[in-house]
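**Q** After the structure tokens below, expect a handful of questions from me.
The values are calculated or read from the model by the stated rules, or taken from the named source; none is laboratory data. All figures in this text were calculated on a predicted structure; none of them were measured in a lab. Don't worry about glycine lacking a Cβ; one is built from the backbone with ideal geometry, like all the others, and counts go over all protein chains shown.
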Amino acid sequence: MQIRFLRGARLVRCGAALAALLLTPAAHASTEYLSRPDVRSFIEAMQAEHGLDPVELERVLGDAQYQPSVVRLIGPDPLPSTQVISSYPAYRSRFLTTSRISAGTRYWEMYDAVLRRAEQEFGVPAEVILGIIGVETAFGQNTGSFRVVDSLATIAFDGPRRQEYFRDELKELLLLAREMSIDPLKLKGSYAGAMGLPQFMPSSYRRYAVDFDDDGVVDLAGSAADAIGSVASYLRAYGWTTGELPVVSVQLPSGKEAELVTGLKRIHQVTDLREQGVKFSSKALPQGMCSVIELPVPGKRSKYLAGFANFAVITQYNRSIFYATAVLDLADAVRAARTRQFAGSDAGIRIK
């Protein structure tokens, strides 16, 4: 799911209050959104700042429905004491299935020309684009059944966290609907308001989505070409560098794991890591700083990767090491399956 996480989010305390929050609707939640002062203030701001018709805003927000399931799904901010390092193989297995890999190869065959054009224009490999769409929606099989207005209004006005972020996304949705001349009440997506094949939030839809099939409409739900071009556009906008490896497998010297692992923070120089005994699986490495990433494997020694700039770009889509690694693993798997079908194609973008 393509959501930008905010730093410094409010922590939710454990105990009875948290249990009540997760199991029951917010005390002030109301399906009658128009009766609420915070919603009236939102409407007034949208009219004053963006010139939106207040009658239209009342129509849309008056129809918006509070969704308790959305509050449960979005959940509270995790407390540091409750964060548990889980299993990467278990996470990976959700996405690297035979059926999803097969769907990816079929998708590549169907849209090969579009993928080639996206790669040429934006510099993002076809398999990485497919990795994103495959992890997000299984190549369009699961794009979400929530009305986006309901999801965003629920979290924006009654969510347990990140209300400011989701109010901004509700604003972006209404602006998007005006720009595209569509009824926002008809848009469907995830519980968090992400839409279409690549699961773009409304703000990203407005900033990065492209009309890649040249039909005059940007349609991330119905046009595979628009989805492919838009994913490539998004990654390029965040700094994707053509031809550079996102990650490289590394071996860490025993006993130095805790000292060297940095997660998403790219603070290491390759030369410094080599001096400390870190062994890289490739001699040809990207320029610039890197992070050291741990992938926990229950019952075995963790796997470690060096994450470079292109890995950081993928985490702009979802700020998760597991997510970005699964995207690349699915990309590799789809590329390998296609290679078996078409002898002579490239071996892949990563060196393991």
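**Q** Starting from region 238-258, keep only residues that are surrounded by fewer than 14 Cβ atoms within 10 Å (Cβ to Cβ), then list their pairs with residues that are assigned to a loop (DSSP other than H, G, I, E, B) whose Cβ atoms are within a distance under 6 Å, requiring at least 6 positions of separation or different chains.
**A** Going by the 6 Å Cβ cut-off, the qualifying pairs are Thr242/Gly123; Pro253/Gly277.
**Q** For Lys279, state whether it is surrounded by fewer than 17 Cβ atoms within 10 Å (Cβ to Cβ), more than 29 Å from Ile228 (Cβ to Cβ), over 25 Å from the mean Cα position of the chain (by Cα) and not hydrophobic (A, V, I, L, M, F, W, C).
**A** Numbers: surrounded by fewer than 17 Cβ atoms within 10 Å (Cβ to Cβ): yes; more than 29 Å from Ile228 (Cβ to Cβ): yes; over 25 Å from the mean Cα position of the chain (by Cα): yes; not hydrophobic (A, V, I, L, M, F, W, C): yes.
Yes; evaluated as a whole, the condition is true for this residue.
**Q** Checking the structure you have, find out if any residue of region 279-287 is in contact with a Lys or Arg (Cβ under 8 Å, 6 or more places away or on another chain), at pLDDT 95 or above and not in a strand (DSSP E or B).
**A** From region 279-287, those in contact with a Lys or Arg (Cβ under 8 Å, 6 or more places away or on another chain) are 280-281; that's our starting set.
When the remaining residues are screened for being at pLDDT 95 or above, the result is 280-281.
Imposing the further condition that a residue be not in a strand (DSSP E or B) reduces the set to 281.
Yes, there is a match, as at least one residue in region 279-287 is in contact with a Lys or Arg (Cβ under 8 Å, 6 or more places away or on another chain), at pLDDT 95 or above and not in a strand (DSSP E or B).
**Q** Evaluate the following for Ala29: is it modelled with pLDDT of 95 or more, assigned by TED's automatic domain parsing to the domain that holds Ser181, over 17 Å from Ser181 (Cα atoms) and in contact with a helix residue (DSSP H, G or I) (Cβ under 9 Å, 6 or more places away or on another chain)? Write out each step before concluding.
**A** Working: modelled with pLDDT of 95 or more: no; assigned by TED's automatic domain parsing to the domain that holds Ser181: yes; over 17 Å from Ser181 (Cα atoms): yes; in contact with a helix residue (DSSP H, G or I) (Cβ under 9 Å, 6 or more places away or on another chain): yes.
Here the answer is no, as Ala29 does not meet what is asked.
**Q** Restricting to region 259-276, name every residue that is of a type in the set (S, T, N, Q) and surrounded by 11 or more Cβ atoms within 10 Å (Cβ to Cβ).
**A** Going through region 259-276, the residues of a type in the set (S, T, N, Q) turn out to be 262, 269, 271, 276.
Across region 259-276, the qualifying residues are Thr262, Gln269, Gln276.
**Q** Next up: Which residues, taken from region 320-352, are at pLDDT 95 or above and part of a loop (DSSP other than H, G, I, E, B)?
**A** Within region 320-352, Ser320 is the sole residue that qualifies.
**Q** Report, ordered by the first and then the second residue, all pairs with beta carbons closer than 6 Å, sequence separation of six or more or different chains, a first member in region 217-229 that is farther than 15 Å from Ala118 by Cβ, and a second member that is crowded, with 20+ Cβ neighbours inside 10 Å.
**A** Asp219/Asp226; Ala221/Gly196
**Q** Further question: Exactly one of these conditions fails for Pro298: (1) in a loop (DSSP other than H, G, I, E, B); (2) touching a strand residue (DSSP E or B) at 6+ places or on another chain (Cβ under 6 Å); (3) within 22 Å of Tyr323 (Cβ to Cβ). Give me its number.
**A** Looking at each condition in turn, Pro298 falls short on (2).
**Q** Within region 290-310, restricting attention to residues that are in contact with a Pro (Cβ under 7 Å, 6 or more places away or on another chain) and farther than 14 Å from Phe280 by Cβ, which residue is surrounded by the most Cβ atoms within 10 Å (Cβ to Cβ)?
**A** Asn310
**Q** I would also like to ask the following. Condition first: touching a Gly at 6+ places or on another chain (Cβ under 9 Å), exposed (fewer than 15 other Cβ atoms within 10 Å of the Cβ) and under 30 Å from Arg167 (Cα atoms). Can you find one or more residues in region 214-226 that meet it?
**A** Looking for residues that are touching a Gly at 6+ places or on another chain (Cβ under 9 Å), exposed (fewer than 15 other Cβ atoms within 10 Å of the Cβ) and under 30 Å from Arg167 (Cα atoms), one finds at least one in region 214-226, hence yes.
**Q** A further question follows. Can you tell me which residue within region 93-127, out of those that are assigned to a helix (DSSP H, G or I), of a type in the set (Val, Ile, Thr) and in contact (Cβ under 8 Å) with a residue 40 or more places away in the chain, is surrounded by the most Cβ atoms within 10 Å (Cβ to Cβ)? Before you say what the answer is, go through the steps one by one.
**A** Initial filter on region 93-127 (assigned to a helix (DSSP H, G or I)): 93, 98-110, 112-122, 126-127.
Next cut, of a type in the set (Val, Ile, Thr) only: 98, 101, 105, 114.
Imposing the further condition that a residue be in contact (Cβ under 8 Å) with a residue 40 or more places away in the chain reduces the set to 101, 105, 114.
Details: Ile101: 19, Thr105: 20, Val114: 22.
Applying the filter and picking the extreme gives Val114.
**Q** Using the structure shown, decide if Tyr304 is aromatic (Phe, Trp, Tyr), out of contact with any strand residue (DSSP E or B) (no Cβ under 9 Å at 6 or more places or on another chain), over 17 Å from Ile133 (Cα atoms) and modelled with pLDDT of 95 or more. Step through it out loud before you land on a result.
**A** Numbers: aromatic (Phe, Trp, Tyr): yes; out of contact with any strand residue (DSSP E or B) (no Cβ under 9 Å at 6 or more places or on another chain): no; over 17 Å from Ile133 (Cα atoms): yes; modelled with pLDDT of 95 or more: yes.
So Tyr304 fails the test.
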